[in-house]
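Just below is one structure, and these are the notes that go with it.
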Amino acid sequence: MTHALAGGGRHHPAHCLQLVIARKDQAFLAQLLAVVRGFFLHIEVQKASQQVEQAVARQEALLDQALPRLAFDLALASDPARAFPVPVTEIWLEVGFGGGEHALAQVAARPDIGLIACEVFENGICSLLSRVVPEGGEAAAPIPGNLRLWDDDARVLLRALPDACLDRLF
């Protein structure tokens with residue numbers, strides 16, 4: 001493969017390629033094609049790797065900075081309305097919020113209710129948090145005052161809450 005492209009000086013790669021095609025040097029052409037494919041594959045893998053690194057960094061920032069700001073404090077379970085920084089007229093609980101679409105719709109539609117949304121899977125928690133908090137705002141961006149998250153087993157929370165304190169359960 002080095003004979004045409006490594007000629008340096010007077011051999012331009014495009015001219016060399018024309019010579020290879022004209023000579024019908026199939027073996028060299030196959031090698032060249034493999035190198036070009038490998039180069040583009042390397043570029044795509046590198047891009048994908050950078051995207052994964054950025055996504056992991058974002059998830060870590062959401063879990064380390066945004067989640068604690070929205071976390072339901074179990075110490076307040078005896079009076080769950082105290083967990084919300086805004087006055088709430090009802091306490092709702094959603095167990096297993098998945099990507100958070102339903103929880104966020106409820107919070108937006110009913111600013112007077114306090115919603116405790118439970119999810120144990122980090123992907124779901126990060127999905128909801130990424131909808132609430134803009135990138136770069138994990139530590140300080142405004143968050144809904146009527147939303148709290150529980151990232152542990154919902155049964156632990158249910159045992160800690162007083163009887164008949166929930167107005168709605170999803």
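The values are calculated or read from the model by the stated rules, or taken from the named source; none is laboratory data. On a predicted model such as this, the values are computed, not experimentally measured, just so you know. Cβ coordinates were reconstructed from backbone atoms using ideal geometry, including for glycine residues, and neighbour counts include every protein chain displayed. Only protein heavy atoms, including side chains, enter the accessible area calculation; ligands, DNA and RNA are left aside. Shrake-Rupley method; radii C 1.70, N 1.55, O 1.52, S 1.80 Å.
Test of understanding: among 128, 104, which residue is over 22 Å from residue 57 (Cβ atoms) and not acidic (Asp, Glu)? Let's see the steps before the verdict.
Values: 128 fails: over 22 Å from residue 57 (Cβ atoms).
Of 128, 104, the one residue that is over 22 Å from residue 57 (Cβ atoms) and not acidic (Asp, Glu) is 104.
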Response to the item:
Checked the stretch 111-131 for anything of a type in the set (Val, Ile, Thr) and open to solvent by less than 20 Å² (accessible area, probe 1.4 Å); matches are 113, 116, 125
